[in-house]
Each structure stands twice: as structure tokens, then as C-alpha cells.
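Below: the structure, in C-alpha cells.
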Amino acid sequence: FTSSLVAADDSQALQLAQTSDGFNAEEKYMASCFACHSTGAAGAPKVGPGVYDAEWAERMEKGMEAVMQNVINGVNAMPARGLCFDCNDADLQALVDYMISSSQ
């Protein structure tokens, strides 16, 4: 689901993404991400209390846009979209936000 905002002078349209109806980042994480991100399999950044500095800080230094490009396109052993083929880009962003906040 996307929507557009148009500037008053109709010069630009801004596309806004919205998570899928009923999307629950924690549930989707458990279904699609947990296997690798709970153990660090194949170099996946681990998720869990207190691991942000060790697992996420260096990745986040590159910026969220770079992290999201890796999520969407795949990186190293991680397949594109992390095997969450029913996730839209906003869902994927919500998953990353969930993993980061769960790792603080």
C-alpha cells in the first residue's frame, strides 16, 4: 500500500509507504528472521538485549539507507528481502527497527 502527497504547486509527489495491514514486526521477525539473527548464522547481526554495539553499530555507521538496501537486495549470505517475500519495503523497515530496538 502506498499513497502520494502532492505539493501545493503540484511540482513534486512524495511516495509514502505503509506497513501491510495487520503487520506485526515481532511476529514476522520470529517467522522470517529469527533463525539467522538469533544466532548470528552466516554473519547476520545478532538480535538481543545489549548487543547493539557489537552487532549493529558498525552497520548503522553506513546509515539506514545503506542497511535497507542490503535488506532489500540481499548481502553476503542474506537473500534479498531476507526471505520475507510478502513484506513491502515499509514492513522490512519495521523489521529492522524492531531488531535494532531489541538490541539496545
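The values are calculated or read from the model by the stated rules, or taken from the named source; none is laboratory data. Keep in mind that what you see is a predicted model, and the values were worked out from it rather than measured. Cβ placement follows ideal geometry from the backbone for every residue including glycine, while neighbour counts extend to all protein chains displayed. What goes into the accessible areas is simple: the full protein's heavy atoms, side chains included, and nothing from ligands, DNA or RNA. Shrake-Rupley method; radii C 1.70, N 1.55, O 1.52, S 1.80 Å.
Being in a helix (DSSP H, G or I), open to solvent by 40 Å² or more (accessible area, probe 1.4 Å) and in contact with a helix residue (DSSP H, G or I) (Cβ under 8 Å, 6 or more places away or on another chain) is the filter here, so list the residues in segment 87-104 that pass it. Across segment 87-104, the qualifying residues are 89, 93, 97, 98. Out of (1) part of a loop (DSSP other than H, G, I, E, B); (2) modelled with pLDDT of 95 or more; (3) closer than 20 Å to residue 28 by Cβ, what's the single condition that is false for residue 71? So residue 71 meets the others, but not (1).
Output the residues belonging to segment 38-54 that are in a loop (DSSP other than H, G, I, E, B) and open to solvent by less than 80 Å² (accessible area, probe 1.4 Å). If the condition is that a residue be in a loop (DSSP other than H, G, I, E, B) and open to solvent by less than 80 Å² (accessible area, probe 1.4 Å), then 38, 40, 44, 45, 47, 48, 50, 51 are the ones that fit.
Within segment 70-88, the set of residues being out of contact with any Gly (no Cβ under 9 Å at 6 or more places or on another chain) and either among the small types (Gly, Ala, Ser) or over 16 Å from residue 99 (Cβ atoms) (or both) comprises 73, 79, 85, 86, 88. Of the residues that make up segment 40-50, is at least one in contact with a Lys or Arg (Cβ under 8 Å, 6 or more places away or on another chain) and modelled with pLDDT of 95 or more? There is at least one residue in segment 40-50 that is in contact with a Lys or Arg (Cβ under 8 Å, 6 or more places away or on another chain) and modelled with pLDDT of 95 or more. Screening residue 84 against (1) open to solvent by less than 60 Å² (accessible area, probe 1.4 Å); (2) touching a residue at least 24 places away in the same chain (Cβ under 8 Å); (3) over 21 Å from residue 38 (Cβ atoms) leaves a single unmet condition, (3).
Restricting 8, 66, 35, 31 to residues that are farther than 18 Å from residue 87 by Cβ and either at pLDDT 95 or above or part of a helix (DSSP H, G or I) (or both) narrows the list to 66.
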